[in-house]
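Data first, discussion second: the structure below is written as structure tokens.
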Amino acid sequence: MVERPGELRTREELLGQLWRSDALVDIEHGLTKAISALREVLGDSASSPRYIETIPVRGYRFIPVAQEPKKAVRRLRSRRKINFVAVLPLANDSDDPDLELLNKRIVERIIDKISHNPEIRVLAYSSVQHHHHKDLDLRTVGQNLPVQAVASGEIIRRNEELFLHMELIDMEDGTQLWGDQLREPCPDGISCAEKLADAICMRLRPILKLNADGTGNGSVKRAA
């Protein structure tokens, strides 16, 4: 992609460069996972890309942009507080009703835990439940939902495990405040959904300043 910046590189091209045709792996899933890992390293976002843009169904495109000086970005972030957020339903490509139930449980539990902090406003699940499409433009969503940050992600079930990719996006400039990939064995459904929700809340703590039980400490500051 870097060799031909700004041009579409099809999935077929990338797959052909990365794996032989007789490779004994799920190469389609492998490519998606590789792109996700690249984005994590670059601090990029699939919904508001600065470096790697997804062209639905077709492939990916590298976006050459000038990077902002790190010190300037940190100073900007240290001044801004995040005290109004939305947690969107997780995108998924499955019609599995059990997976949709787990999706709903994860998001509802995250919202419930964040709402325990009186210093942070979080939109109710009923206000965000329709925003679950994989190709949502989060900046547009953020403009329609008057929040400072949006937490969104994708959920995949493989055999007995759940895989989540989550990120928190600043609606002011589209930058990623946080992102992570989580994996949890899921033989019993609701229990693993709650574990994943709790793990996400724990990772959000440095940004939203949530205590371990989900309640706030009286101060809402954005991590530098």
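The values are calculated or read from the model by the stated rules, or taken from the named source; none is laboratory data. Given the structure is predicted, the values throughout are model-derived calculations rather than measurements. Here Cβ is always computed from backbone atoms with ideal geometry, including for glycine, and neighbour counts include all displayed protein chains.
Could you tell me which of the residues 2, 73, 41, 65 is within 20 Å of residue 153 (Cα to Cα) and modelled with pLDDT under 85?
Details: 2 fails: within 20 Å of residue 153 (Cα to Cα); 73 fails: within 20 Å of residue 153 (Cα to Cα); 65 fails: within 20 Å of residue 153 (Cα to Cα).
Checking each option against the conditions leaves just 41.
When only residues in the range 104-128 that are closer than 24 Å to residue 191 by Cβ and of a type in the set (Asp, Glu) count, which is farthest from the chain's Cα centre (by Cα)?
112
Among the residues of the range 121-130, what is the count of those that are at pLDDT 90 or above and either in contact with a Leu (Cβ under 8 Å, 6 or more places away or on another chain) or acidic (Asp, Glu) (or both)?
Result for the range 121-130: 1.
For the condition surrounded by fewer than 17 Cβ atoms within 10 Å (Cβ to Cβ) and at pLDDT below 85, what is the one hit in 29, 116? So that I can check it myself, show each step before the final result.
On the way: 116 fails: at pLDDT below 85.
Of the residues listed, the single one that is surrounded by fewer than 17 Cβ atoms within 10 Å (Cβ to Cβ) and at pLDDT below 85 is 29.
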